[in-house]
Amino acid sequence: MFDALKSFLNDLAGPRPDDEDAMDERLATAALLVHTIAVDGDVSPGERDQLRRALTAAYGLTRAETDHLIDEARRRDQEAVDLYGYTSVLKRTLDHEGRERVIEMMWEIVFADGGVHEFEDNIVWRVAELLGVSSRDRIRLRKRIEGRLANS
């Protein structure tokens, strides 16, 4: 009886943000990117556009699918207490190259508004650490994005 009640209450509450089984790679990545654009307290139109482009390109989504993913990621980010729920999913499901691609996407989001806020730099550093991406690789990826922007 107790197990049935517990199951019923869990079903009513829906998936928790830290419930790894309820979150796939796309949602974990989107939540990290949503968190990244909001961490400095100012979400620019350039950041929103880059978020949409990054997710669409990375996962081959339609505009509607991308919008749905972003909406769900925002909801999850508002409920999250830390980044571990997201990074643990990515660390478990992605190889090293895939985890580096997440960091690269984060840098693309950070530079979308033309500058790097210290909170943005810090979030990329923390996520890279949690994903097992070395400081050297994190900086290399940052320089790659800076170079790409300088040449465009």
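One residue stands out in the range 56-96 among those that are among the aliphatic types (A, V, I, L, M) and in a loop (DSSP other than H, G, I, E, B): the one that is farthest from residue 24 (Cα to Cα), namely 81. Within the range 1-43, track down each residue that is touching a Lys or Arg at 6+ places or on another chain (Cβ under 7 Å) and either modelled with pLDDT under 90 or part of a loop (DSSP other than H, G, I, E, B) (or both). Matches in the range 1-43: 17 only. When residue 125 is tested against the conditions (1) farther than 17 Å from residue 145 by Cβ; (2) assigned to a helix (DSSP H, G or I); (3) out of contact with any Leu (no Cβ under 9 Å at 6 or more places or on another chain), the lone failure is (1). Quick check on the range 128-144. Is at least one of its residues modelled with pLDDT under 95, at positive phi, of a type outside the set (A, V, I, L, M, F, W, C) and surrounded by fewer than 15 Cβ atoms within 10 Å (Cβ to Cβ)? Among the residues of the range 128-144, not one is modelled with pLDDT under 95, at positive phi, of a type outside the set (A, V, I, L, M, F, W, C) and surrounded by fewer than 15 Cβ atoms within 10 Å (Cβ to Cβ), which makes the answer no. The criterion of being at pLDDT below 95, over 17 Å from residue 145 (Cα atoms) and either touching a strand residue (DSSP E or B) at 6+ places or on another chain (Cβ under 6 Å) or not in a helix (DSSP H, G or I) (or both) does not hold for residue 116. Candidates are the residues of the range 49-66 that are exposed (fewer than 14 other Cβ atoms within 10 Å of the Cβ) and among the charged types (D, E, K, R); the one that is nearest to residue 112 (Cα to Cα) is 49. Kindly indicate whether residue 46 is under 28 Å from residue 147 (Cα atoms), at pLDDT 95 or above, out of contact with any helix residue (DSSP H, G or I) (no Cβ under 7 Å at 6 or more places or on another chain) and surrounded by 14 or more Cβ atoms within 10 Å (Cβ to Cβ). Criteria not met by residue 46.
The values are calculated or read from the model by the stated rules, or taken from the named source; none is laboratory data. These numbers were taken from a predicted model, which means no experiment stands behind them. Reconstructed Cβ throughout: ideal geometry from the backbone, glycine too, with neighbour counts over all protein chains shown.
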